[in-house]
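Quick notes on the structure that follows.
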Amino acid sequence: MSQFRKIPYIPTADKLADMVFSKLKKIRVDAPRKIKMKRSEISFYKTLYFRQFRFIFPEFDTKLTDIANSFPFIEELHPFHKELIEVLFGIEKIRTSLSRIKNTRKSLRSIERDVSKKLGICEFTEEAKKIRREAIGRIGSTIKKLEQPLNDLIEAKIQLSKVPDFNLFEKTIAFAGAPNAGKSSYVKIVSTGKPEIAAYPFTTKELNCGHRKHGFEAIQLVDTPGLLDRPLHERNEIEMRSILALKHFADYIIFLYDPTEGAPLTLQQQLNLCNEIKEIFPNIPILTLINKKDILTKNQLANAEALLGKLETISTLENNKKQLEDIVLMVTEKISEKKLYVRPEEIEKIEEAPPKSKKEGEIEWIFFDEDD
Ligand SMILES: Nc1nc2c(ncn2[C@@H]2O[C@H](COP(=O)(O)OP(=O)(O)OP(=O)(O)O)[C@@H](O)[C@H]2O)c(=O)[nH]1
Ligand SMILES: [Mg+2]
C-alpha cells in the first residue's frame, strides 16, 4: 500500500543540473582538419554544440518526465494517504509542484527550438559559442526554478515513506491515549511491531504497525503518537497522524489511561481526550484501560476509579503478556468480519496524448559534419 517507498530517487534542482551538464564534457567531435581550417572551425563547433544540445534536451525531458510520473496519482490514493498529504503538505501544493515540473519540459522545448534555429543559421565561431553560452544559462535558470517543487516532492516522499504498510483487509486494533501512557509498550509486547519505547512523552512520532496471528487470520495492531487534550483543529501534524489512522483503519480502539504522578496529562485531561475521540468517531468501539498498575498506589487507583469508573487495570510489561494477549483476543472476537475495501471509482487517468510518430514541436537536429 505504501507506494511512496517505491518512488525512485528525486534529485534536487542543483543535482539534476549537475547530472546532465557534467556529461557534456564527454561529448566530443574530432578536431577540424588543417586543410579546410577556416570553414572547418565553425563546422566543428556547430557539430559539437548540436551534439551537446541533442543530448541535453532529451536528457532533461526524460528525467523530468520520470520524476513527475514516479509520484502516485493523488486521485488514486487511499483516502488516508490523501488526507495525510493534505495535513502534511496540502494536496494543492503537491499538485502544483508536479505541474511545474511538467511545464518546465515545455519551457525547455521552447529553448530547444530557439537554439536550434540560431545555431542553424550562425556562421561564425564566436557567435556559435555565444549561442551555446546563453542557451546553457537559460537551461540552468529554468532548472533552478524547480528548486522548491523538487524539494517539496523530496520532502513528501520522505515523510510518506515512513507510513507503515497498513493492510486494509486485516482486523485492526489501534492504541490511543496521552503521551507516555504505554501504547508502544503494549504493541511491542503482543505483536511483531517494534516501536521505540522511552521514559519521556512524545517518543512515538510516526505510526507503527505490528501483526499477530489469531487462528488462521492476522490481526493488525497500530501504535499511534500520543494525543493531547485539545480540539481537532488545534492538533499538530504528529497528532493528526494518530487521528487519521484511527479514522481510516481502526476497527476497535484501545485507550490507555496513565494515572501515575509523572503523567504529562492529568487524569481529567485524559478523560477529556477519550471523550473527544468517542465524539469524533462514534462508530468505532473503544475499550478503556488503566495502565501501570504495578506502580500505582492504592490512592492513585482509587482516585482514578472515582473519575473513570471501575476499569480493567493492566501493566504493559513483558511479565504481564498473558493479560495483554487475552485483551487483544477478546477485542478481536468482537470485531465483525471486515468488508473488503472497495476502491473509489477509478478516476480517468489524465494521460498525456499518445506519442505520435514524431512528437509535436520536437526538433529534428541537423547534423553538421566538419567535412560538409
Ligand atoms: N512501571 C511501568 N512502566 C510502564 C508501563 N507501561 C509503560 N511504561 C513505561 O512508560 C514509558 C512510556 O511508555 P511507552 O510505551 O513509550 O508510552 P507511549 O504511550 O507509547 O508514549 P508516546 O510514544 O510518547 O506517546 C516507558 O518508560 C515505559 O517503560 C507499565 O505498565 N508499568
Ligand atoms: Mg509510543
Which ones in segment 142-178 are β-branched (V, I, T) and either farther than 28 Å from D229 by Cα or assigned to a strand (DSSP E or B) (or both)?
T142, I143, I154, I158, T172, I173
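Determine, yes or no, whether F80 is assigned by TED's automatic domain parsing to the domain that holds Y9 and over 18 Å from the mean Cα position of the chain (by Cα).
Against the criterion (assigned by TED's automatic domain parsing to the domain that holds Y9 and over 18 Å from the mean Cα position of the chain (by Cα)), F80 does not qualify.
If you scan segment 3-34, which residues turn out to be small (G, A, S) and either modelled with pLDDT of 90 or more or not assigned by TED's automatic domain parsing to the domain that holds G140 (or both)?
Of everything in segment 3-34, those that are small (G, A, S) and either modelled with pLDDT of 90 or more or not assigned by TED's automatic domain parsing to the domain that holds G140 (or both) turn out to be A13, A17, S22.
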Within segment 197-208, which residues are touching a Lys or Arg at 6+ places or on another chain (Cβ under 9 Å) and more than 6 Å from ligand 1 (Cβ to nearest atom)?
K205, E206, L207, N208
Do we have E206 as over 20 Å from L289 (Cα atoms) and either without any contact (Cβ under 8 Å) to a residue 24 or more places away in the chain or more than 11 Å from ligand 2 (Cβ to nearest atom) (or both) here?
no
What is the number of the single condition among (1) part of a helix (DSSP H, G or I); (2) away from ligand 2 (no atom under 13 Å from the Cβ); (3) touching a residue at least 40 places away in the same chain (Cβ under 8 Å) that S185 does not meet?
(2)
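The values are calculated or read from the model by the stated rules, or taken from the named source; none is laboratory data. Since this is a predicted model, take the numbers as computed values, not measurements. Every residue, glycine as well, gets a Cβ built from its backbone with ideal geometry; the counts of neighbours run over all protein chains shown.
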